[in-house]
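This report concerns only the one structure given below.
The values are calculated or read from the model by the stated rules, or taken from the named source; none is laboratory data. Values in this document were obtained by computation on a predicted structure and should not be read as measured data. Every residue, glycine as well, gets a Cβ built from its backbone with ideal geometry; the counts of neighbours run over all protein chains shown. Quick note on the areas: whole protein, heavy atoms, side chains included, nothing else; ligands and nucleic acids left out. Shrake-Rupley method; radii C 1.70, N 1.55, O 1.52, S 1.80 Å.
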Amino acid sequence: MKQTYILAIESSCDETSVAIIRNGCDEVATVVLTQMDIHATFGGVVPEVASRHHIENITIVIEECLVKANMTMDEIDAIAVTYGPGLIGSLLIGVQAAKTLAYIYQKPLVPVHHIAGHIYANNLVKPLQFPLIALVVSGGHTDLIYMKDDYSFKHIGGTLDDAVGECYDKAARVMGLPYPGGPRVDQLAHTGEDTYGLPLPKDDESYDFSFSGLKSAVLNLSHNERQRGNEINVANLACSFQNRVIEILTKKTMRAIKDYQVEHLIVAGGVAANKGLRERLERLCQQQQVDLSIPPIQYCTDNAAMIGAAGYYAYQLGHRADMTLNAKANEPLS
Ligand code: KG4
Ligand code: ZN
């Protein structure tokens, strides 16, 4: 069998990443340069700062990845790149770098949707089995997707306002925790008790989510308690908040699995690192004999390996872009 090597570029938010992936499933090399510490100073990602750092780092990261893989551009079959959705200034750097490489080395250019990448991160662990439901939970996304086959995406639900990771980060700020708040809230939740009466957001028959109400409830609760001179028990608030998030995510996901009659669930995105979510899904999937796949943490957060995995299938299906490829800040997965 001919080996197919994809060089992939991801720069949609605050990670500059390049990877080389063989046949959509074997990671030859990945380099991820995160700007998390830089943005932590500002309490969140500053788009202008992010794109400036991508410009400074992109060529270094490409070279480092080729060195790590011990490969040259001649051995690469195609260039895959995240073209959207994401921060426009950040995306543009990756897209421009990919176009330049494709032009100079005369390689096919394969556009990859960021969410397709998150989903295919699972393919680096074990082959995707169809049909499946994918729950994508990250700082920018909360989506439920039905996949009948490779690279066929049916968006069945998603957030109507804040993404779940964004809600974690904002709630964490109210709790006085540093950015990024998700992992801190997760950690604290395990030490606290569910004592605060927070609402269960958008508990209805749809597959859509809404997290802005829950975020406001945390904000209002802590203002009111402070005004009354009561001290907030941060561990209990983290636990109450996390329980609501997990309950609504798992409730709608398990219903989608039943309604679409699938036996495979994959979870992807930064919030898939959440210990509470993993534990609850493991338990529910075991009870209902659903095969669950959650990638290890390094494939959950943004990385180019996942773009290379998705890019391989897009390449096989003939997806190509030319030099007019542009970055798209908002782009539905279809
Ligand atoms: O996928 P990702 O790296 O970037 C986006 O594409 O958005 O996700 C980052 C998000 C952040 O909001 C971060 O707080 C959240 O994932 N996150 C977590 C955990 N680890 C990261 N949220 C909850 N629990 C965690 N353990
Ligand atoms: Zn992401």
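The table below lists the values:
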read-out	value
Candidate set from the range 155-209 (those that are within 18 Å of M254 (Cβ to Cβ), in contact with a Gly (Cβ under 9 Å, 6 or more places away or on another chain) and not aromatic (F, W, Y)); member that is surrounded by the most Cβ atoms within 10 Å (Cβ to Cβ)	V164
Single residue of the range 247-264 satisfying the filter (farther than 15 Å from M147 by Cβ and open to solvent by 10 Å² or more (accessible area, probe 1.4 Å)) that is farthest from ligand 1 (Cβ to nearest atom)	K258
Out of T30, T16, sole residue that is touching a His at 6+ places or on another chain (Cβ under 8 Å) and either buried (at least 19 other Cβ atoms within 10 Å of the Cβ) or among the basic types (K, R) (or both)	T16
For I266: the one exception among (1) within 16 Å of ligand 2 (Cβ to nearest atom); (2) in contact with a His (Cβ under 7 Å, 6 or more places away or on another chain); (3) farther than 17 Å from G165 by Cα	(2)
Qualifying residue in the range 134-146 (condition: closer than 20 Å to H319 by Cα, open to solvent by 10 Å² or more (accessible area, probe 1.4 Å) and within 16 Å of ligand 2 (Cβ to nearest atom))	no
Hits in the range 1-17 (condition: assigned to a strand (DSSP E or B), within 16 Å of ligand 1 (Cβ to nearest atom) and touching a helix residue (DSSP H, G or I) at 6+ places or on another chain (Cβ under 6 Å))	A8, I9, E10, T16, S17
Residues of the range 94-121 satisfying the condition of being more than 16 Å from ligand 1 (Cβ to nearest atom) and open to solvent by 10 Å² or more (accessible area, probe 1.4 Å)	Q96, A97, K99, T100, L101, Y103, I104, Y105, Q106, K107, P108, P111
Meets criteria (over 25 Å from S206 (Cβ atoms) and either away from ligand 1 (no atom under 13 Å from the Cβ) or not β-branched (V, I, T) (or both)) for Q286	yes
Residue satisfying condition, being out of contact with any Pro (no Cβ under 9 Å at 6 or more places or on another chain) and either among the aromatic types (F, W, Y) or closer than 18 Å to A272 by Cα (or both), within set V164, V174, V218	V164
Residue among Y179, Y196 that alone is assigned to a loop (DSSP other than H, G, I, E, B) and within 13 Å of D169 (Cα to Cα)	Y179
Filter result for the condition that a residue is away from ligand 1 (no atom under 13 Å from the Cβ) and either of a type in the set (G, A, S) or touching a helix residue (DSSP H, G or I) at 6+ places or on another chain (Cβ under 9 Å) (or both), over V267, V271, V234	V234
Residues (open to solvent by 70 Å² or more (accessible area, probe 1.4 Å) and among the acidic types (D, E)) located in the range 36-93	D37, E48, E56, E63, E64, D74, E75
